[in-house]
Amino acid sequence: MNQRLLERLRLAKRGLRFDKVALRFTERLQSALEAAVPAGKTLIVMVTAPIRLPAKTAAALTQKISDFLAQSPKRREFRDTINGNEVRIRLVAGVVRGQSRVMTFVHNPDADSDALLNTTQSLLAQMTA
């Protein structure tokens, strides 16, 4: 893998959250949305922490993402704020064999969500090439 890309991932990783609430939230979204993601695509979801209303936020986000996936395939990305959490969604080509088609990340508010999304998309592209 390209050294520059690895360095970007190291920098981006600093803002990711792996606490109990974040992990349960990501598991909930992945199980709810896995079947809705089109074949050959991966859905990348970024959510700012802290998630104070995890069940309500997951339910609202699941509905918004389901609506997003049902729309025109030309639209690949959207932003929203749900229960005080900023959300970024991007639908990208490619699937890593044996992995979920829903990649969910919870990050600190000061983390660069653009860098996280772009790095994740770049890594996914390299892993599926």
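Coordinate-derived values only; no laboratory data. Everything numeric here is computed off the predicted structure, so don't read it as measured data. Here the Cβ positions follow ideal geometry from the backbone for every residue, glycine too, while neighbour counts run over all protein chains shown.
One residue stands out among those in segment 79-129 that are in contact with an Asp or Glu (Cβ under 7 Å, 6 or more places away or on another chain) and part of a loop (DSSP other than H, G, I, E, B): the one that is surrounded by the fewest Cβ atoms within 10 Å (Cβ to Cβ), which is Ser100. Residues that are part of a loop (DSSP other than H, G, I, E, B) and either among the aliphatic types (A, V, I, L, M) or within 18 Å of Thr120 (Cβ to Cβ) (or both) do occur in segment 60-76. Of everything in segment 37-65 that is closer than 18 Å to Phe105 by Cα and among the small types (Gly, Ala, Ser), the residue that is surrounded by the fewest Cβ atoms within 10 Å (Cβ to Cβ) is Ala55.
Cβ-Cβ distances below 9 Å connect the following pairs, each with a first residue in segment 79-97 that is free of Cβ contacts under 8 Å to residues at least 40 places away in the same chain, a second residue that is surrounded by 14 or more Cβ atoms within 10 Å (Cβ to Cβ) and among the basic types (Lys, Arg), and a separation of six or more residues or different chains: Arg79/Arg88; Asp80/Lys64; Asp80/Arg88; Ile82/Lys64.
Are any of the residues in segment 67-74 closer than 16 Å to Val21 by Cα and in contact with a strand residue (DSSP E or B) (Cβ under 8 Å, 6 or more places away or on another chain)?
Residues of segment 67-74 closer than 16 Å to Val21 by Cα: none.
Checked against the condition, which is being closer than 16 Å to Val21 by Cα and in contact with a strand residue (DSSP E or B) (Cβ under 8 Å, 6 or more places away or on another chain), segment 67-74 yields no hits at all.
Within segment 15-48, the set of residues being β-branched (Val, Ile, Thr) and farther than 15 Å from Ala60 by Cβ comprises Val21, Thr26, Val37, Thr42, Ile44.
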